[in-house]
1. Remind me, what semi-axes does segment 182-267 give for its equivalent ellipsoid, largest first in whole Å, using sqrt of 5 times each Cα gyration tensor eigenvalue?
2. Can you put Met149, Met233 in order of Cβ neighbours within 10 angstrom, beginning with the fewest?
3. Explain nothing, just the number: relative contact order of segment 10-113, from Cα pairs under 8 Å at least 6 residues apart, as a whole percent.
4. Helix 61-76 sits at what angle to the longest principal axis of the chain, using alpha carbons and giving 0 to 90 degrees rounded to 10?
5. For the Cα atoms of the chain, what angle does the longest principal axis make with the long axis of helix 218-232, in degrees from 0 to 90, nearest 10?
6. Restricting things to alpha carbons, tell me how big segment 117-259 is in terms of Rg and Dmax, in Å.
7. Which of Asp18, Asp151, Asp184 moves most in a GNM of the chain, Cα contacts under 10 Å?
8. Among Phe201, Phe106, Phe245, which one moves the most in a GNM of the chain with springs linking Cα atoms closer than 10 Å?
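No lab work stands behind these numbers, since they all come straight from the coordinates. Worth saying up front: this structure is predicted, and the values here are computed from it rather than measured. Cβ sites come from the backbone with ideal geometry, for glycine too, and all protein chains shown count toward neighbours.
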Amino acid sequence: MRHHGAMTDASALLRAYDDQLRTDAETAHAAWAERRGPLRLAVFPGGYGFVSYRDLDGVRADAIDELVGSVLAHFEADPAITTVEWKTRGHDRAPGLLEALAAHGFVADEPESIMLGEAALLTAEVPLPEGVVVRRATDEADVRAMSAMQDEVFGDPVSIARADDLVERLSGDDGTEYWIAEADGRIVSAGRLQPVAASDFAGIWGGSTREEWRGRGIYRALTAARARSAIAMGKRYLHSDSTEFSRPILERSGLVKVSTTTPYLWRR
C-alpha cells in the first residue's frame, strides 16, 4: 500500500488530474454530450455549451483553428445555446489554441487555480462563530435557498433554472452532496461535494460565503465537512478550480496549486 502523502508532489497530482478527471466525468451531468476528435462537447441545462479535452498535443496550429470554427458552428446552429465555455489549462501544449479562440469571438474569463491534494489534510475540526451551524442540505427548500444565496453572492440574478438543476441532482444517484452553513436559520455559506465516478477524486465546488461572514473560518469548516464526507465515500483526493478568494484557504489546509484553468466564453 502506498504510504500516506506519497502522492502529494505536484507533478504526480497533476498526472492523476489529467488521467482521472479529464475524462467523461467532465460531462457526466450534461443534457447531451459527444466526442469530436480529441474534444468532448456537451450541453448543460440552461443553454450552456461546453468544450474540454484530455490534451491537444500533436494537433497542428492550422488544424486547431479549423477545429474551433467547426465546434462553434455546431453550437451556433442551436438557437437554445446562448453561451459556450471552452475550458483551457495552463499546462497544456496546444500551439495556436488561444489565438484561434480569440479569432472566433471567445473571450478569456478570470483564470482559476487548479487545487489538488489529500482529503485527509482538510478534515480538521474548525471552530465556528457562535450560532453558526454546518450541515448537509437534503431537501428542496434548502437547495433552492442555497442556490439563491450563491447567485446573490456571485452578483447574478436568481436563476430558477439553476435551482431546478440542483434540485434534480439531489434525487440522482451520483453522490452529489450540498453543504450549508446557517446563522439563525439563514444560509451564510454553501458548497457542493461532487464524487467523480471511477476515480480517487471528489470535487469541492460552488463555495460562496456572504461578505459580512467572510474571514471567520466558515468556508474552511464547510470544506472540512466535505473532506470528511469524501473520505467516507472512499475518495482519497480533493480537487477544486479556485478563485483567489478560496485558493489561500485551501493552500493553508494543504492542497497544492498544480496549474491554472481559464474558461474562454462565447456569448450569442
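1. In descending order, the three semi-axes are 21, 18, 13 Å.
2. So the residues, fewest neighbours to most, are Met233, Met149.
3. So the answer I get is 23 percent.
4. Result, in degrees: 70.
5. Value to nearest ten degrees: 80.
6. 14.3, 40
7. Among Asp18, Asp151, Asp184, the largest GNM mean-square fluctuation belongs to Asp184.
8. Phe245
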